[in-house]
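The structure appears right after this line, and notes come after that.
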Amino acid sequence: MLEHGIRFDGIVGVSAGATFGCNYKSHQLGRVLRYNIRFKDDPRYMGLRSLLRTGDLVGAEFSYHTLPNELDVFDFDTFINDPAEFHVVCTDVETGEPVYHRIDDMDDEGLDWIRASASMPLVSRPVSLGGHLLLDGGISDSIPLRYFQGQGFDRNVVILTQPKGFFKRRTKLMPLFHLFMRRYPAIVQAMSRRHLMYNDELSYLDEQERRGNILLICPQDTLPIGRTEQKEAKMRHVYGMGQQTGEDMIQTIKDFL
């Protein structure tokens, strides 16, 4: 879409959708693939060493400050000057409810909002921001279409990472949540019902697609990659799947918009 000059009035990202989606507003084509390959084996970036030493599987200071400020520089000026609104979704650990935030200036605080949105439970420390303790937005609102429509965006392109027909099942990790997240019972409760929230949002997408209010983009098959993938070939393959899907749908996207 960047290659074809497609622009949007607003963008909302959740978790990886926030960490990767911000590069759309900064116009940095390919940056996500580049830095993930470059730093995939760096223990400061992600891994068990970081988890044991800091409590974060993804190193907070390196990944959300050193990397974008020094090593693969984020285009802060373009982000600020691009007129599209950029929103992220996080989850309040004390209530289990979603927290929505619009990032206008990608300064250190803005980067921390991105971090909060992508801070997976069990392998991340809660992030203190805006009077909240925050974790991954996917816990409470994985596909925030209703939220964005409520902000006035009534024609939306929705990009999913699961194929059509997918329905989420209750996580098998609930015993670990009860054991390690007992300080945050609202998160435990939210994770126990996350599959219900997610599947309800999928049903809403179907309804909105039938009404012509959204254009839904999703892979044909389950993506052959994990959340913490470190194999370059898999990264390039899945990135290529996304590129090809975009090319195949580019005229459909233009017609919809």
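Descriptive notes on the structure:
- Filtering 168, 164 for residues that are part of a loop (DSSP other than H, G, I, E, B), more than 13 Å from residue 90 (Cα to Cα), at pLDDT below 95 and not aliphatic (A, V, I, L, M) leaves a single hit, 164.
- Qualifying residue in region 223-236 (condition: of a type in the set (Gly, Ala, Ser), at pLDDT below 95 and farther than 15 Å from residue 142 by Cβ): yes
- Here residue 222 meets each of (1) of a type in the set (Ser, Thr, Tyr); (2) loosely packed, with under 12 Cβ neighbours inside 10 Å; (3) part of a helix (DSSP H, G or I) with one exception, condition (3).
- Test for residue 246: is it touching a residue at least 60 places away in the same chain (Cβ under 8 Å), closer than 18 Å to residue 163 by Cβ and not in a loop (DSSP other than H, G, I, E, B): yes
- Qualifying residue in region 162-170 (condition: open to solvent by less than 20 Å² (accessible area, probe 1.4 Å), of a type in the set (S, T, N, Q) and in contact with a Pro (Cβ under 8 Å, 6 or more places away or on another chain)): no
- Residue 27 being assigned to a helix (DSSP H, G or I), in contact (Cβ under 8 Å) with a residue 40 or more places away in the chain and surrounded by fewer than 18 Cβ atoms within 10 Å (Cβ to Cβ): no
- Count - residues of region 57-71 that are open to solvent by less than 40 Å² (accessible area, probe 1.4 Å) and either more than 19 Å from the chain's Cα centre (by Cα) or at pLDDT below 95 (or both): 1
- Qualifying positions in region 99-135 - farther than 16 Å from residue 20 by Cα, touching a Pro at 6+ places or on another chain (Cβ under 9 Å) and open to solvent by less than 40 Å² (accessible area, probe 1.4 Å): 134, 135
- Failed condition for residue 153, given (1) open to solvent by less than 60 Å² (accessible area, probe 1.4 Å); (2) under 26 Å from residue 86 (Cα atoms); (3) under 18 Å from the mean Cα position of the chain (by Cα): (3)
The values are calculated or read from the model by the stated rules, or taken from the named source; none is laboratory data. Being a predicted model, the structure only gives us computed values, none of them experimental. Here Cβ is always computed from backbone atoms with ideal geometry, including for glycine, and neighbour counts include all displayed protein chains. Accessible surface is based on the protein model in full, side chains and every heavy atom, while ligands, DNA and RNA are left aside. Shrake-Rupley method; radii C 1.70, N 1.55, O 1.52, S 1.80 Å.
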